[in-house]
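Participant: Pasting a structure here, questions to come.
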Amino acid sequence: MNGAAWHDGVEEAAAHRVPGSPAQRSMLLALLLVAAALRLWDLPHMPYTHDEISALVRIFPTLGETVRTGVIAMDTHPPGVQVFEWVWTKLFGMSEAAVKLPFILLSIAALFFLYRFAFAWAGGQVALVITALLATLQYTVMYGQIARPYAVGLFTTALMADQLTRYLGSGSRRALVGFAMAAVLSAYTHHFAMMLAVFMAATGLFLVGQERIKPYLAACGIAILLYLPNVPIFLGQLGQKGLDGWLARPTALWIPEYLWWLAHCTWAMAAAWILLLACSAALKIRHGGTTTPIWAMALLWGLGPLLVGYGYSLWRSPVLQYSMLLFSFPYLLLGLLAGLRHLPRRWMGALLSLIVLVSTATLIEVRKHYEIFYRSRYEAITKGILEAASTPGRAALVDTPDEVVRFYLQHWHADAGATPYTNLRDMPADRVDSVLRATDASSVFLGFTPGSEPERAAQVQAAFPFLLERHDLEEGQTFLFGASPAAARRDDHTWSSMATPEAIQGNGWNLDPDLPLHADTATRGALRRWDLTGREFGIALEIPVYQISSHDNDVIEASMDVAEAHGGSLRLVAELKVGKESRFYRSTGLPATRTAGTLVCAIPLADLPGHGHGQQLLVYAWNEGGGVARISSVEVKVRSGNPWLYGFFQPLKGPLTYP
């Protein structure tokens with residue numbers, strides 16, 4: 001298609017509010033209804049995500065405080081969405097449905113503008129296929145349900161692309177105003193949306209004719225002036241570098257994993273993608289190449305943010321996440337699927353039905369979106385706290401951001417004074433042990449989320465040995481442990497091995513043959529202990545990880561009962577090695593003020609590259625300095641992993657054993 005032809009197509013599409021034949025408009029309406037159904041499903045029971053709560057706890061009584069403290073001091077996003085949420089919650093409250101609804105509606109409206117944009121540049125067939133994908137992919141469904149900048153940024157950038165197209169086709173002053181407004185809104189919504197807006201505006205310089213360039217430049221200038229008040233905030237946030245505290249730099253697997261997630265982590269959806277891309281390529285070759293503007297949009301608008309984010313994350317500080325590419329994703333689709341403009345219209349009904357069927361089915365059955373997304377770890381933890389408060393003899397321990405718990409107690413109108421709990425976040429092991437020894441409870445509720453120490457479950461179970469309940473959630477778990485056996489007792493350990501001076505259970509133990517034993521005459525039966533006094537090592541277990549764990553998200557837990565130690569030099573070490581190279585190292589020891597106790601050390605395989613595959617586990621006692629050290633036992637267990645631990649963005653590791 002030559003330059004005049006694409007200009008004709010843009011002008012024709014710009015002349016219609018909803019371009020396309022009656023059949024195409026009917027298909028568009030059906031796709032928008034599907035998109036609405038997937039995003040609005042059971043809206044009253046749709047829980048908040050961590051992202052949403054992090055914004056809601058930064059809403060202060062006044063707008064000025066919200067901007068100064070909630071944005072400038074505590075956030076890395078522009079203030080637009082935070083300001084909107086301040087206004088919106090003042091008017092409509094903080095119920096999940098009320099807060100989420102405008103974001104869901106904007107995510108649906110974005111599909112309409114993207115359809116109109118794609119129709120102008122690549123025809124109705126391409127526009128409908130892109131709409132079908134964006135209506136049903138987990139990518140757009142999930143981010144459309146989250147009250148954060150993602151749905152808003154998708155809407156504002158889609159509006160900007162649409163209004164730029166309509167200005168090119170009609171020269172409408174109204175479209176130019178809409179273009180400038182959308183650019184400003186994008187810049188105040190998200191930094192990656194602002195980047196895309198800059199790319200769009202720069203592309204427009206080459207597409208706008210000479211007779212319209214001055215009004216266009218004036219509109220761009222006004223947009224820049226309206227953004228100037230945010231420049232100091234932006235520079236301050238830029239100085240914060242990135243998300244080093246919790247986000248890793250992208251590896252060579254980042255893009256393949258992103259593509260697999262776009263395929264819903266299943267070959268059925270991957271086959272649908274391959275079919276679409278192959279058909280587009282074949283039709284493009286047969287009927288001629290893609291126009292220059294579409295290539296510019298695909299490369300600059302679609303691929304540019306990915307390359308910038310990837311490079312910034314590698315060479316400065318990690319920022320790249322799937323959410324940041326949501327705004328540019330539709331324009332990458334435009335370039336990849338532009339060849340489908342030559343697809344016969346009679347095939348469109350069947351093709352769209354296939355896309356919707358496969359994408360929706362895999363969204364629900366493979367990705368388990370509604371099972372995972374609608375089961376909040378924070379709600380489960382808060383419910384556990386409330387249940388513990390009303391159950392005699394039960395204590396509540398959590399390891400989670402405290403502001404989240406306080407938010408939910410207030411959100412549910414619970415009496416914080418009548419719902420005692422102990423937050424273990426960042427609490428050292430000896431203090432956790434003191435908390436457990438100080439309680440007179442007969443059972444303990446434990447709930448934790450990412451950022452907690454991997455030993456939490458093992459630490460609590462060392463004091464309350466009987467597992468009564470366990471529930472796995474996305475990025476969270478809850479447990480109920482008891483001090484005495486019960487009919488509901490469960491065991492979630494899949495492998496264990498223990499060594500004591502009296503007996504060894506399991507393989508892989510290496511004990512120095514001359515390791516002396518010390519008889520504790522103060523105990524009944526004069527229990528014997530290993531005596532490491534005067535030596536550094538002497539007790540170790542070494543075994544391949546594959547022999548003890550078969551699931552990626554398992555947790556290896558080691559514990560050591562210390563009968564006597566002085567000087568704080570005795571440590572329990574858990575290590576993963578490949579040959580002589582250490583790939584993971586973790587240790588724990590008694591504080592100098594303690595002479596006895598149980599040491600616990602854990603390895604969360606879910607968080608390690610390769611999940612421990614091909615590595616050797618080494619667990620040992622290290623008595624640095626050779627001080628007095630007497631050990632009763634060492635035990636190593638494997639706790640079955642949470643298969644839905646990272647269920648939003650990774651393939652599910654299996655069905656839930658502990659729903």
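Participant: From Val444, Val435, Val405, which residue is of a type in the set (Val, Ile, Thr) and not in a helix (DSSP H, G or I)?
Facilitator: Val444
Participant: Specify the residue that is farthest from Gly614 (Cα to Cα); the eligible residues are those in the range 556-576 that are open to solvent by 50 Å² or more (accessible area, probe 1.4 Å) and at pLDDT 95 or above.
Facilitator: Result: Asp561.
Participant: Now, a different point. Test of understanding: among Leu354, Leu340, Leu333, Leu326, which residue is within 17 Å of the chain's Cα centre (by Cα), farther than 30 Å from Ala396 by Cα and not small (Gly, Ala, Ser)?
Facilitator: Leu326
Participant: Restricting attention to the range 191-219, which residues are of a type outside the set (Asp, Glu), more than 22 Å from Ile294 (Cβ to Cβ) and without any contact (Cβ under 8 Å) to a residue 60 or more places away in the chain?
Facilitator: Gln210, Lys214, Pro215, Leu217, Ala218, Ala219
Participant: Restricting attention to the range 75-86, and to residues there that are among the β-branched types (Val, Ile, Thr) and either within 22 Å of the chain's Cα centre (by Cα) or part of a loop (DSSP other than H, G, I, E, B) (or both), which single residue is farthest from Leu154 (Cα to Cα)?
Facilitator: Ranking the qualifying residues of the range 75-86, first place goes to Thr76.
Participant: Any idea which of (1) under 28 Å from Arg249 (Cα atoms); (2) open to solvent by less than 30 Å² (accessible area, probe 1.4 Å) is the one Ser582 doesn't satisfy?
Facilitator: (2)
Participant: Further question on the same structure: I'm checking my understanding of the structure. Among residues of the range 118-134 that are over 17 Å from Leu332 (Cβ atoms) and not polar (S, T, N, Q), which one is most open to solvent (accessible area, probe 1.4 Å)?
Facilitator: Per the criteria, the residue is Phe119.
Participant: Right, next: I need the helices (runs of 4 or more DSSP H) fully contained in the range 208-302, keeping only those with at least 1 residues that are polar (S, T, N, Q) and open to solvent by less than 80 Å² (accessible area, probe 1.4 Å).
Facilitator: 231-238, 267-287
Participant: Is it true that some residue in the range 641-655 is farther than 26 Å from His471 by Cβ and part of a loop (DSSP other than H, G, I, E, B)?
Facilitator: No: zero hits.
Participant: In the range 369-402, what count of residues is obtained for those that are under 27 Å from Asp440 (Cα atoms), part of a helix (DSSP H, G or I) and not basic (Lys, Arg)?
Facilitator: 12
Participant: Also, I was wondering about something else. Pick from His518, His551: which is touching a Ser or Thr at 6+ places or on another chain (Cβ under 9 Å), in a strand (DSSP E or B) and open to solvent by 30 Å² or more (accessible area, probe 1.4 Å)?
Facilitator: His518
Participant: Does the range 25-74 hold any residues that are touching a Lys or Arg at 6+ places or on another chain (Cβ under 7 Å), part of a loop (DSSP other than H, G, I, E, B) and closer than 19 Å to Glu475 by Cβ, and which are they?
Facilitator: Matches in the range 25-74: Met46 only.
Participant: Given (1) surrounded by fewer than 22 Cβ atoms within 10 Å (Cβ to Cβ); (2) under 23 Å from the mean Cα position of the chain (by Cα), where does Phe448 come up short, assuming only one miss?
Facilitator: (1)
Participant: Among the residues of the range 577-599, what is the count of those that are of a type in the set (Gly, Ala, Ser), in a strand (DSSP E or B), touching a residue at least 24 places away in the same chain (Cβ under 8 Å) and out of contact with any Lys or Arg (no Cβ under 6 Å at 6 or more places or on another chain)?
Facilitator: 1
Participant: Kindly provide the set of residues from the range 485-514 that are in a loop (DSSP other than H, G, I, E, B), open to solvent by less than 50 Å² (accessible area, probe 1.4 Å) and within 16 Å of Asp561 (Cα to Cα), ordered by number.
Facilitator: If the condition is that a residue be in a loop (DSSP other than H, G, I, E, B), open to solvent by less than 50 Å² (accessible area, probe 1.4 Å) and within 16 Å of Asp561 (Cα to Cα), then Thr500, Pro501 are the ones that fit.
The values are calculated or read from the model by the stated rules, or taken from the named source; none is laboratory data. Since this is a predicted model, take the numbers as computed values, not measurements. Cβ sites come from the backbone with ideal geometry, for glycine too, and all protein chains shown count toward neighbours. Accessible surface is based on the protein model in full, side chains and every heavy atom, while ligands, DNA and RNA are left aside. Shrake-Rupley method; radii C 1.70, N 1.55, O 1.52, S 1.80 Å.
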